[in-house]
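The values are calculated or read from the model by the stated rules, or taken from the named source; none is laboratory data. None of these values were measured; they are calculated from a predicted model. When we count neighbours, we look across all protein chains shown, and the Cβ atoms used for this are built from the backbone with ideal geometry, even at glycine.
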Amino acid sequence: MSQHKPLRRLTAVDIASRKGGEKIVSLTAYHAHTASIVDPYVDFILVGDSLGNVMHGLENTIPVTLDMMILQGMAVMRGSKRALVVVDMPFGSYEECPEQAFRNAARILKETGAGAVKLEGGKHMAETVAFLTRRGVPVMGHVGLTPQSINTMGGFRVQGRSEAAQKELEEDAVAISKAGAFAIVMEGIVEPVARRITEAVPTVTIGIGASSACDGQVLVLEDMLGLNEWVPKFVQKFGSLREHIEEAVTAYAEAVRDESFPGPDHVYGEKVAKA
C-alpha cells in the first residue's frame with residue numbers, strides 16, 4: 001500500500017543551494033488566488049511592498065505599512081503550498097536599528113508563516129542583516145535601485161552608470177553576502193555590473209532589470225501579465241490580461257443593458273411542491 005508523501009515547501013536553504021545551478025524563478029503575489037496559480041511554477045513567491053502600487057494605486061512604496069505586508073503575506077501563504085514565501089519589510093520597519101528590524105521580522109514570520117523576509121540596502125544594512133541571520137531570520141537582500149530610497153535617489157533611475165557607482169554596488173553586494181543573506185535581489189543595475197557581482201559573490205542573485213547571468217529572475221506578476229498599461233523596459237509581457245478583462249467587462253455590461261443576462265439558466269425557478 002503506497003503512502004502519500006506530503007508536499008514539502010521550499011526553504012531559504014534550498015534557494016541558497018542553487019548558486020550556479022538551475023535558474024531560480026520568482027514572481028510577486030499579494031492574494032491567495034494568484035499565489036495558488038503561480039505556486040506550482042515558481043521557486044519563491046515575493047510578497048513585495050509593490051503591493052502599494054499594484055493594489056492600492058500609491059505612487060511609491062513609502063506609505064506601505066507592516067500590517068499591510070502581514071495581511072497579504074498571510075493570504076499568499078494560504079494560497080500556496082510549495083514555493084518559499086518571502087515578505088518585504090516595508091519602509092520604516094527596520095532602518096532604525098537591528099533590534100527594531102528583528103522585532104518586526106519576527107512578527108512577520110510568526111504571523112504569516114512565511115519562510116524569509118527581504119530588506120533593502122547595501123553596506124549600511126550589513127550589520128542588520130547579520131543581526132537577523134544570527135537570530136534565525138532568513139534574509140534576502142536588495143541592492144541597486146531600491147524603491148524605498150526613491151526620495152534620496154531622485155526617482156527610479158538605473159544604477160551603475162559611473163565607475164564610482166559600480167564600485168559602490170559591488171561593495172554593497174559583497175557586504176550583504178558576507179553578512180549572511182541567502183539571496184540578493186539586484187534591481188535596475190547595468191548588465192555588466194550585475195554579471196560581475198553574480199560571478200563574484202557566493203550568494204544567489206535574483207535579477208529584475210539586471211542580467212540574464214543572475215542566478216534567477218523576479219517580476220511583478222501584474223506587469224508580466226499585461227495588466228498595467230505602462231511597464232519598465234526590463235519587463236516582458238508574457239500575457240495580455242488587461243485586454244481580455246476589458247473584453248469580458250464590455251460583454252457583461254452589454255448583456256446587462258440589453259437584458260440578455262441574466263438568462264433562464266442563471267435564475268432560480270419556483271419549486272412546485274408535489275401533491
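Structure notes:
- Filtered by the rule that a residue be of a type in the set (A, V, I, L, M, F, W, C), touching a residue at least 12 places away in the same chain (Cβ under 8 Å) and not in a strand (DSSP E or B), the stretch 131-159 gives Phe131, Leu132, Val137, Leu145, Ile150, Phe156, Val158.
- Lone qualifier among Val201, Val231, Val235 - being under 30 Å from Lys23 (Cβ atoms), at pLDDT 95 or above and among the β-branched types (Val, Ile, Thr): Val201
- Scan of the stretch 40-61 for residues that are within 15 Å of His142 (Cα to Cα) and assigned to a loop (DSSP other than H, G, I, E, B), ordered by number: Gly48, Asp49, Ser50, Thr61
- Among (1) free of Cβ contacts under 8 Å to residues at least 60 places away in the same chain; (2) among the aliphatic types (A, V, I, L, M); (3) buried (at least 23 other Cβ atoms within 10 Å of the Cβ) - the single one Ala200 does not satisfy: (3)
- Test: Arg82 is at pLDDT 95 or above, surrounded by fewer than 17 Cβ atoms within 10 Å (Cβ to Cβ), touching a strand residue (DSSP E or B) at 6+ places or on another chain (Cβ under 6 Å) and in a loop (DSSP other than H, G, I, E, B): no
- Taking each residue of the stretch 95-117 that is closer than 18 Å to Gly180 by Cα and looking for partners that are in a helix (DSSP H, G or I) and at pLDDT below 95 with beta-carbon atoms closer than 9 Å, six or more apart or interchain, yields Glu95/Gln148.
- Yes/no for Thr250 being of a type in the set (S, T, N, Q) and over 30 Å from Asp14 (Cβ atoms): yes
- For the residues Leu221, Leu227, the requirement of being more than 30 Å from Val137 (Cα to Cα) and within 24 Å of the chain's Cα centre (by Cα) singles out Leu227.
- Lone qualifier among Leu27, Leu7, Leu66, Leu46 - being within 15 Å of Phe182 (Cβ to Cβ), out of contact with any Phe, Trp or Tyr (no Cβ under 6 Å at 6 or more places or on another chain) and either surrounded by fewer than 17 Cβ atoms within 10 Å (Cβ to Cβ) or of a type in the set (A, V, I, L, M, F, W, C) (or both): Leu46
- Val64 under 14 Å from Ile108 (Cβ atoms) and in a loop (DSSP other than H, G, I, E, B): yes
- Check on Phe131, farther than 16 Å from Ile189 by Cβ and of a type in the set (Phe, Trp, Tyr): yes
- Candidate set: the stretch 49-85, residues that are among the β-branched types (Val, Ile, Thr) and over 18 Å from Ile150 (Cα atoms); chosen: the one farthest from the chain's Cα centre (by Cα): Ile70
- Within the stretch 156-172, not a single residue is surrounded by 15 or more Cβ atoms within 10 Å (Cβ to Cβ), within 23 Å of Met125 (Cβ to Cβ), aromatic (Phe, Trp, Tyr) and within 18 Å of the chain's Cα centre (by Cα).
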